[in-house]
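Q: This structure is in structure tokens; I'll ask about it shortly.
The values are calculated or read from the model by the stated rules, or taken from the named source; none is laboratory data. What you see is a predicted model; the values in this text were computed from it and never measured. Cβ coordinates were reconstructed from backbone atoms using ideal geometry, including for glycine residues, and neighbour counts include every protein chain displayed. Ligands, DNA and RNA are excluded from the accessible area calculation, which covers all protein heavy atoms including side chains. Shrake-Rupley method; radii C 1.70, N 1.55, O 1.52, S 1.80 Å.
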Amino acid sequence: MARLLRAAAAFRPAGSKLGRMAFSTSPKTVKVTFVNVEGTRVTVDGAVGDTVLQVARQNNIDIYGPCEGGGWDANDYGSGPSCSECRCKIPIEYVDKAGTISKEEAYVLSQCSDTTELSRLSCQIRLNEDLDELLVAIPEWDTQSWWETTN
């Protein structure tokens, strides 16, 4: 323990009267703005490591996504997305920052007639610090309420 405290002291400015160093245990967050077809925007904080779909659900933003990114049934589908219900569009400047599309996600998106280079499944985008200020467009066809199907 004494060795650790000496090491930590090396990071304090010379002559500092600070006692113990404080370390934050709060998760890092980024800003995510969701916009629907009417243009209504809602900006929320999302924890780095959470998916866009998780952030939407945590903030009562209704994106339909019944498989939750894990398939309907692990015995039938395995892991990864098995539906396309939570697809969204993100700005071109965030496409590379959102991570590589898995072969499962690419297959699911290939089955949708409205897929573009901006299309992603919100259950597959894991937030990272490069995604701060991310804009997520919720498509007009997303009319089924997640909340109505789970209650």
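Q: Being open to solvent by 80 Å² or more (accessible area, probe 1.4 Å), at pLDDT 95 or above and closer than 17 Å to VAL42 by Cα is the filter here, so list the residues in the stretch 118-151 that pass it.
A: Result: GLU133, single match.
Q: If you check every pair at least six apart or on different chains, which have Cβ atoms under 6 Å apart with a residue in the stretch 36-47 that is part of a loop (DSSP other than H, G, I, E, B) first and a residue that is open to solvent by less than 60 Å² (accessible area, probe 1.4 Å) second?
A: Filtered contacts from the stretch 36-47: ASN36/ILE138.
Q: Within the set of pairs 6+ apart or on separate chains, which have a first residue in the stretch 91-120 that is among the small types (Gly, Ala, Ser), a second that is open to solvent by 60 Å² or more (accessible area, probe 1.4 Å), and C-beta atoms under 6 Å apart?
A: Qualifying pairs under 6 Å: SER119/LYS89.
Q: Let me ask you something else. So if I check each of GLU85, GLU93, GLU68, GLU38, which one is of a type in the set (Asp, Glu), closer than 24 Å to PRO139 by Cα and modelled with pLDDT of 95 or more? Talk me through it step by step, then tell me what you get.
A: Working: GLU85 fails: modelled with pLDDT of 95 or more; GLU68 fails: modelled with pLDDT of 95 or more; GLU38 fails: modelled with pLDDT of 95 or more.
The unique qualifying residue is GLU93.
Q: While we're here: ASP62 is checked against (1) in contact with a helix residue (DSSP H, G or I) (Cβ under 7 Å, 6 or more places away or on another chain); (2) among the acidic types (Asp, Glu); (3) at pLDDT 95 or above and fails just one. What number does that condition carry?
A: (3)
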